[in-house]
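Report on the following structure.
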Amino acid sequence: MEGFVSGCVICGAPLVYDSVQKEMVCAVCGKRFQSNTSCVNGHYVCDSCHSDGLSMVKQACLSSDSRDPVAVVRRLMSLPGIHMHGPEHHIMVGSALLTAYRNSGGEIDLDAALDRMAERGRQVPGGACGLWGCCGAAVSCGMAYSIITGSTPMSGESWGRCNIMTSRCLEAVGSVGGPRCCKRDSYSSLRAASEYITETLGVEVTASVPVCTHSGSNPQCLGESCPYNRG
């Protein structure tokens, strides 16, 4: 799909992931951050500047009547300023799940829930899938489940279910293998999350199986090994 950036948002060069954090200066806002990521030309863009398309996510969700979280997240992915990869997915995935849950009959204040989702999702840094061993798309679904159930660290049953939700999404993501693809991981997480919500909350949320249109923007695309490959 045209318009998506798979590498550096400044120059388009490939990104380099280092196992050790270094001090970087954001090429957009000038702030200094500790990060594992820069492009081969030395550019670094902080998560906040990288996610400049997020300002439109909430309104897009509030105006959606779709019961399919994959359809919702694909709409969000098409918004201006949303990149091929990046931490914006850590907010968009959970937001899509919350939206589909509400539209499927779930009782939730979506406006407030989306604000909580954005606040929590921003705390998951880019690259968590490889550096932390937990894909941000999967964690985003766990956050959404926590918001729906009102879970806290002191909760009982809902605490356990939030962790099971995230584990199911992580299994769906990890079973395909790497390297990462934020689109593929988002779809897989939402499909697993929809099944778990239907199973545990009594609200039937059904996620479609998409045909990916982003492969041309992802140099690391798995091709025929991806479950959403157009072939």
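The values are calculated or read from the model by the stated rules, or taken from the named source; none is laboratory data. Quantities reported herein were computed from a predicted structural model and do not represent experimental measurements. Please note: Cβ atoms are built from the backbone with ideal geometry, for glycine as well, and neighbour counts cover all protein chains shown. In case anyone asks, the SASA skips ligands and DNA or RNA and just uses the protein heavy atoms, side chains included. Shrake-Rupley method; radii C 1.70, N 1.55, O 1.52, S 1.80 Å.
Go through (1) more than 30 Å from residue 12 (Cβ to Cβ); (2) in contact (Cβ under 8 Å) with a residue 40 or more places away in the chain; (3) open to solvent by 50 Å² or more (accessible area, probe 1.4 Å); (4) touching a Cys at 6+ places or on another chain (Cβ under 8 Å) and name the single condition residue 206 misses.
(4)
Would you say residue 168 is surrounded by fewer than 24 Cβ atoms within 10 Å (Cβ to Cβ), in contact with a Phe, Trp or Tyr (Cβ under 6 Å, 6 or more places away or on another chain) and in a helix (DSSP H, G or I)? First the steps, then the outcome.
Working: surrounded by fewer than 24 Cβ atoms within 10 Å (Cβ to Cβ): yes; in contact with a Phe, Trp or Tyr (Cβ under 6 Å, 6 or more places away or on another chain): yes; in a helix (DSSP H, G or I): yes.
In short, yes.
Looking only at region 201-231, count every residue that is among the polar types (S, T, N, Q) and not in a loop (DSSP other than H, G, I, E, B) and tell me the total. Outline the logic, then answer.
The initial filter retains those residues of region 201-231 that are among the polar types (S, T, N, Q), namely 206, 208, 213, 215, 217-218, 220, 225, 229.
Next cut, not in a loop (DSSP other than H, G, I, E, B) only: 215, 217, 225.
Number of matching residues: 3.
Any idea which residue in region 171-187 is surrounded by the fewest Cβ atoms within 10 Å (Cβ to Cβ), counting only those that are in a helix (DSSP H, G or I) and free of Cβ contacts under 8 Å to residues at least 40 places away in the same chain? First the steps, then the outcome.
Looking only at region 171-187, we keep the residues that are in a helix (DSSP H, G or I), and these are 171-174, 182-187.
Still in the running and free of Cβ contacts under 8 Å to residues at least 40 places away in the same chain: 171-172, 174.
Values: 171: 12, 172: 23, 174: 16.
So the residue we want is 171.
Please indicate, with yes or no, whether at least one residue in region 149-166 is under 19 Å from residue 91 (Cβ atoms) and either among the acidic types (Asp, Glu) or under 14 Å from the mean Cα position of the chain (by Cα) (or both).
yes
Consider residue 101 carefully, then state whether it is among the aromatic types (Phe, Trp, Tyr), within 18 Å of residue 200 (Cα to Cα), crowded, with 24+ Cβ neighbours inside 10 Å and touching a residue at least 60 places away in the same chain (Cβ under 8 Å). Show your work before the answer.
Numbers: among the aromatic types (Phe, Trp, Tyr): yes; within 18 Å of residue 200 (Cα to Cα): yes; crowded, with 24+ Cβ neighbours inside 10 Å: yes; touching a residue at least 60 places away in the same chain (Cβ under 8 Å): yes.
Judged against the criteria, residue 101 is a match.
Determine the pairs where a residue that is at positive phi, located within region 81-97, has a partner that is hydroxyl-bearing (Ser, Thr, Tyr) with Cβ atoms under 9 Å apart, the partner being 6 or more residues away or on another chain.
Taking only residues 6 or more apart or on different chains, the pairs are 81/51; 81/55; 86/51.
Residue by residue through region 36-50, note down the ones that are among the polar types (S, T, N, Q) and either in a helix (DSSP H, G or I) or free of Cβ contacts under 8 Å to residues at least 60 places away in the same chain (or both). Please lay out each step first, then the result.
Just the residues of region 36-50 that are among the polar types (S, T, N, Q), to begin with: 36-38, 41, 48.
Across region 36-50, the qualifying residues are 38, 41, 48.
Counting only residues that are assigned to a helix (DSSP H, G or I) and surrounded by fewer than 24 Cβ atoms within 10 Å (Cβ to Cβ), how many does region 58-69 have?
At the first step, the residues of region 58-69 found to be assigned to a helix (DSSP H, G or I) are 58-62, 69.
Retained after the next criterion (residues that are surrounded by fewer than 24 Cβ atoms within 10 Å (Cβ to Cβ)): 58-60, 62.
Total satisfying the criteria: 4.
Pull out all pairs, ordered by first then second residue, where Cβ-Cβ is under 7 Å, the residues are six or more apart or on different chains, the first lies in region 62-74 and is in contact (Cβ under 8 Å) with a residue 24 or more places away in the chain and among the basic types (Lys, Arg), and the second is open to solvent by less than 40 Å² (accessible area, probe 1.4 Å) and in a helix (DSSP H, G or I).
Taking only residues 6 or more apart or on different chains, the pairs are 67/100; 67/103.
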